1. Taking the Cα centre of the chain as the origin and placing charges on Cβ (Lys, Arg +1; Asp, Glu -1), which of G52, A10, A96 is farthest toward the positive end of the dipole?
2. Counting only helical runs of four or more DSSP H residues, what would the 222 nm mean residue ellipticity of the chain come to if each run contributes -39,500 (n - 2.57) and the total is spread over all its residues?
3. Within the chain, what is the longest stretch that has no GluC sites (Glu not before Pro) placed in a DSSP loop and near at most 13 other beta-carbon atoms within 10 Å?
4. Using a 10 angstrom cutoff on alpha carbons, build the Gaussian network for the chain and name the most mobile of A108, A119, A79.
5. What's the angle, to the nearest 10 degrees (0 to 90), between helix 105-123's Cα axis and the longest principal axis of the chain?
6. To make sure I understand, if each residue's beta carbon is the centre and we count other beta carbons within 10 Å, what order do F130, F49 fall in, fewest to most?
7. Out of [x] -0.59, -0.74, -1.06; [y] -0.37, -0.71, -1.28; [z] -0.55, -0.85, -1.17, which label holds the value of log10 I(q)/I(0) by the Debye sum over Cα atoms at q = 0.11, 0.15, 0.20 Å⁻¹ that was computed here?
8. Placing +1 at every Lys and Arg Cβ and -1 at every Asp and Glu Cβ, with all other atoms neutral, what dipole size does the chain have around its Cα centre, in debye to the nearest 20?
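Just so it is clear, none of the values below were taken in a lab; they were calculated from the coordinates. Note that the coordinates shown come from a computational prediction; the quantities given were computed from them, not determined experimentally. Here Cβ is always computed from backbone atoms with ideal geometry, including for glycine, and neighbour counts include all displayed protein chains.
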Amino acid sequence: MSLLARAPAARLAALVETLGPLPEHDWLRRPETGGVMVRGRMGGTGGAFNLGEMTVTRCALKLADGTVGHAYVQGRDAAHATRAALTDALLQTGRAAEVQGAVIGPLAREAAARRSARAEKAAATKVEFFTMVRGEDA
């Protein structure tokens, strides 16, 4: 679900289209936009604090066979939330392998490439400090 939520909306749309016609669904919760409080911690171990608010769109749907899909995505894109929820539901059906290969696999590889590029960019700014052994330390 995290991969679907973080995927660029246009890229998710293009990959979902490769699956062909999507199954009909009924809404359990139509896409709705709201806000959530984002919490943080200093240094990852300190006390939690409210960092600020973030806009999210959420939805839940049910396929004809009863499979339920959920999605929460950052921003106000109802179509992105719908595609993510449909993909979530399809991953729980007999089409899971097809969806894994056509949608999840490419998104995972692209996310890994973005993380790697960001890590390489950060590594380029890394400074190595070292000291030389002085004679009196011997």
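1. Farthest towards the positive end: G52.
2. Values: 5 runs with 50 residues, N = 138.
It comes out at -10500 deg cm²/dmol, rounded to the nearest 500.
3. Details: sites that count: E24, E128.
Result, exposed sites excluded: 25-127.
4. In this elastic network of the chain, the residue with the biggest mean-square fluctuation among A108, A119, A79 is A119.
5. So the inclination is approximately 20 degrees.
6. Values: F130 4, F49 9.
The order, fewest Cβ neighbours first, is F130, F49.
7. [z]
8. Values: 18 positive and 14 negative charges, 47 e Å.
Dipole size: approximately 220 debye.
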